[in-house]
Structures are given as structure tokens and as C-alpha cells.
Amino acid sequence: MKAVILAAGVGKRLWEVTQHRPKCLIEIGGRSLLHRYLESLISVGIRRAEIVVGYKQEMIRAAVEQDSCGVNVTFLVNDQFHRGSISSLWIARSALDDDAIVMDADVLFHRDILRRLVSSPCENALLMDETVKQTGEECMVVVAGGRVIALTKNMPEQYDYAGEGVGFLRVRHADAPHVVSSLRGYIDRGSWDMEYEDALRPYFQDVRVGYERIGGLPWTEIDFIEDVRKAELEVLPRL
């Protein structure tokens, strides 16, 4: 199993910070998000990672060169990093040559969250915080009939239950072609500005994707300045 870390974006909503560094290099408690990822990967036995870079990629490369935490890291370059996140996952399609954990690079999380995904009996799976109800910004894992039917901010009319997605997706190698085909349907239409989550809807139709509940474990996605404060004050002390 390997990790595929999507770290190419600009982080426009956090420009106060990201004008100086990529979002994955934000330091929480004196340690960057990226190095926390690499340490977490080692802790669950994952020693290979491919990182999709773009914006200020030289800073990410330098950070890994300085300390890879024992992870064998290679890089994929997304020259379209100013477009939607579908561009990064499309670039990363070549990295889905093994069982993989696809990870957004802007989450501060307890290691048990990653461990729960890696050890899941579901070979295709998402993480769902069932304690979170959507207020507008959250990307939700939507479940019906015991399987994930969507990962989206636009809730369907009918579903059984939902919770906020953490931003990590486990993909079985044998099902990677379904991920690629799902993305290709939108790429071929020139939909470069969309987020990859909505582009995975055909994948969820074709493959039975399970989920792991992680409610109660500390984590936060970092999109806004207030998320940095939450990370420092509420999540970090519980890690």
C-alpha cells in the first residue's frame, strides 16, 4: 500500500498564510502538516508516497529532502494547479499502481484516523465524521444501502445518512481503473475547474465503496484562518 498526497493547490482561501508557503507546510505545534503526514504514514506501515506538487513546489521538495521521516517519496507535477482539484487526481492516476490511500494535504488528524482507514475491511473506503452536520462548506460522505453514493457539498434528496468526509480515500488497485474512468468522463469534457470529489460519482456507482466512522477522534481540515486557530487550540492538544 502507498499514499498519494494531493499538495499542488494554492489555498486561495488561506492566502494570508499561503502567499508565503504551500498549505501543507503550515506549521501546527512547530511541525508542518506534511511532516505530520509522513510520520503518520510510517506509524501505520506505509513507506511509499507520491506527492502531487504545483504551487511553490520547490518548498515542498526541500522540506522532504530535509526530512522524509523514513518515507520513500517521489513527486508528480501538476502544471494546472490553479485549476480544480480534479487536475491533481488526474495527474496522480499513474500512481494508482498499487492499493493506495489518496489524501488531501490540508488536514491535521489523529493517527488513529488513518489507522482506521488502513485496517478497514472495506478495500475501497472513505472516512466519515458522523458527528458533523452540513452547514454549507462541508464535503459530505453520503451513504445509502450500506455504501457510499456520493462525496459532495451538494446533498442528494434521498440517502440514509451522511457525515463530513476527512479527505482520505482508500482505493483497491484492482478498482483504480474505475477511478480513472470516472475522472476521464469529466476531463474529456474540459471540466478542469471542478473538485475531484464530485467527479468520483460514477466510481461510487460502479464500485462498492464502504466507510469508517471516526466521530470523536480529533481532526480538522484547514481552509481558513479560523481553522488554523482550531487546529492549534482544539485538535493539537488531543493528538
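The values are calculated or read from the model by the stated rules, or taken from the named source; none is laboratory data. A quick note: this is a predicted structure, and the numbers were derived from the prediction, not measured. Heads up, the Cβs are rebuilt from the backbone with ideal geometry, glycines too, and the neighbour counts pull from every protein chain shown. Ligands, DNA and RNA are excluded from the accessible area calculation, which covers all protein heavy atoms including side chains. Shrake-Rupley method; radii C 1.70, N 1.55, O 1.52, S 1.80 Å.
Odds and ends about this structure:
- At most 10 other Cβ within 10 Å, DSSP loop - GluC sites (Glu not before Pro), the range 195-239: none
- Exceedance of the 24 Å cut-off in Cα-Cα distance is limited, within the set Lys12/Lys230; Lys2/Lys133; Lys56/Lys133, to Lys2/Lys133; Lys56/Lys133.
- Ligands, DNA and RNA are left out, and with a 1.4 angstrom probe the accessible area of the range 2-238 is 44 Å² per residue.
- For the range 212-221, backbone phi angles converted through the Karplus equation (6.51, -1.76, 1.60; θ = phi - 60°) give residue-by-residue couplings of 10, 7, 10, x, x, 7, x, 6, 7, 7 Hz, Gly and Pro being listed as x.
- Evaluated over the range 57-167, the Cα radius of gyration and Dmax, each in Å: 16.2, 49
- In the range 2-238, the convex hull through the Cα atoms has an average projected area of 11.8 nm², a quarter of its surface area.
- For the range 161-229: rounded, prolate or oblate by the Cα gyration tensor [a/c cutoff 1.5]: oblate
- Restricting attention to the range 2-238, close to 55% of DSSP beta bridges with both partner residues there are antiparallel.
- Cα centroid of the range 1-75 to Cα centroid of the range 106-161, whole Å: 23 Å
- Look at the dipole of the chain built from charges on Cβ: of Val166, Leu117, Val235, the Cα furthest out on the positive end belongs to Leu117.
- If R0 is 25 Å, the Cβ-Cβ spacing of Glu27 and Thr131 corresponds to a FRET efficiency of close to 0.35.
- With all protein chains in place and a 1.4 Å probe, the accessible surface of the chain carries 45 percent carbon and sulfur.
- Distance in nm between pseudo-label sites at Arg208 and Ser43 (7 Å out along the Cβ direction from Cα): 3.2 nm
- Each eigenvalue of the Cα gyration tensor of the range 23-98, multiplied by 5 and square-rooted, gives one semi-axis; in descending order these are 20, 16, 11 Å.
- Taking each residue as 0.36 nm, the span from Arg115 to Glu195 lengthens on full extension beyond its C-alpha to C-alpha distance by 26.2 nm.
- Once both labels are positioned 7 Å from their Cα atoms along Cα-to-Cβ, the gap between Ser181 and Phe224 label points is 4.0 nm.
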